[in-house]
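Enquirer: Structure incoming, see below.
Every read-out reported here was derived from the displayed coordinates using simple, explicitly stated rules and does not represent laboratory data. This is a predicted model, so every value here is computed, not measured. Neighbour counts are summed over all protein chains in view; Cβ atoms, including those assigned to glycine, are modelled from backbone coordinates with ideal geometry.
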Amino acid sequence: MESLSGQKRNGLIKFLECFYPIVDGIAEFLGSDCEVVLHDVSNPEHSIIRIRNGHVTHRKIGDSLTDLGLQLLNSRGDAHSIGNYNPRTKDGRLLKSSCIFIRNIRGKLVGFICINMDIERMQQLKDSLNYVEAFITDLCGATRANACISPEENFEPDLWSLVKQLIDQVIGNGRTPPRHLTRAMKLEVVKVLNDRGVFMVKGSVAYVSEFLGLSMSTLYRYLGELKVPKMPTDSS
């Protein structure tokens, strides 16, 4: 790169000094994990003229352009920035970086403002949150180990309250009195109760038949139509 005369260089430095408040403002806004660097590209070997939070990459005023900076310096075109790339520091920390081009009134590239956000801790936090989310999903999610088992569960204080709730779910929460249900609806109620294991409890056949206005023999006939294995009668 051609060297500048003393007068031109002084003029360039004064121009770039106008960007100091921008460098400081970005760094103050984004915090100590964000390094903001101002480069004077006319002096690649000692290009850094302003830097905030240099601990991110362990650089200081007077240090040089990076290899990417040199590559951008040699590129042609009228681009204004390059953003959202992810370099790593020497010690392996992940950064999210952007580079803003500074051009003079004639459009010549004279400087860079580079923003390097250390996102290593955020990435670790993201990985931890993903782990927690997966753990909570596994912990709280319903697992259907057997297709015959209903994933629903009702927490009633006694069995007969539960039976009544199951019947209400089938017949529409009491809009039709149980004794006035059609045969098909009563058969559906019996099927649901059987699927939920209600008839395994002694006394359930008598309770349900009375609730539905059926004789016990009719209820047993319904169970037979559903091909339910023979079970002990309530009188046994």
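Enquirer: Among the lysines, which fall within straight-line cross-link reach of LYS108, defined as a Cα-Cα distance under 28 Å, with same-chain neighbours fewer than 8 residues apart omitted?
Expert: Within reach: LYS8, LYS14, LYS60, LYS96.
Enquirer: Using the Karplus curve 6.51 cos²θ - 1.76 cosθ + 1.60 with θ = phi - 60°, work out ³J(HN,Hα) for each residue of the range 125-133 in order, rounded to whole Hz, and write x for Gly and Pro.
Expert: Result, ordered by residue: 5, 4, 4, 5, 5, 5, 5, 4, 4 Hz.
Enquirer: Karplus couplings for the range 209-216 from phi (6.51 cos²θ - 1.76 cosθ + 1.60, θ = phi - 60°), rounded to Hz, Gly and Pro as x?
Expert: The phi angles translate into 5, 5, 5, 8, x, 10, 7, 4 Hz.
Enquirer: Next question. Ranked from highest to lowest mean number of other Cβ atoms within 10 Å per residue, what is the order of the peptides 92-105, 38-51?
Expert: The packing order, highest mean first, is 38-51, 92-105.
Enquirer: Using 0.36 nm per residue of separation minus the Cα-Cα distance, give me the extension gain between ASN86 and ILE13 in nm, one decimal.
Expert: Separation in residues times 0.36 nm, less the Cα-Cα distance, equals 23.3 nm.
Enquirer: A follow-up question, please. Measuring from label point to label point, each 7 Å out along Cα→Cβ, what is the LEU139 to ARG196 span in nm?
Expert: 2.9
Enquirer: With θ set to phi - 60°, apply the Karplus curve 6.51 cos²θ - 1.76 cosθ + 1.60 along the range 61-71 and write out the HN-Hα couplings as whole Hz, x wherever there is a Gly or Pro.
Expert: Listing the rounded values in order: 4, x, 6, 8, 5, 7, 4, 5, x, 5, 4 Hz.
Enquirer: Continuing with the same structure: Hey, if you drop one equal point scatterer on each alpha-carbon of the range 1-93 and run the Debye formula without solvent, what base-10 log of I(q)/I(0) do you get at q = 0.14, 0.15, 0.16, 0.20 Å⁻¹?
Expert: Scattering profile of the range 1-93, log10 relative to I(0): -0.58, -0.67, -0.76, -1.19.
Enquirer: May I pose another question? Determine which lysines satisfy two conditions relative to LYS191: a Cα distance under 21 Å, and not lying fewer than 8 residues away in the same chain.
Expert: The reachable lysines, counting only those whose Cα sits under 21 Å from LYS191, are LYS164, LYS202, LYS227, LYS230.
Enquirer: Now for a different question. Mind ordering 11-18, 191-198 by average Cβ neighbours within 10 Å, highest first?
Expert: 191-198, 11-18
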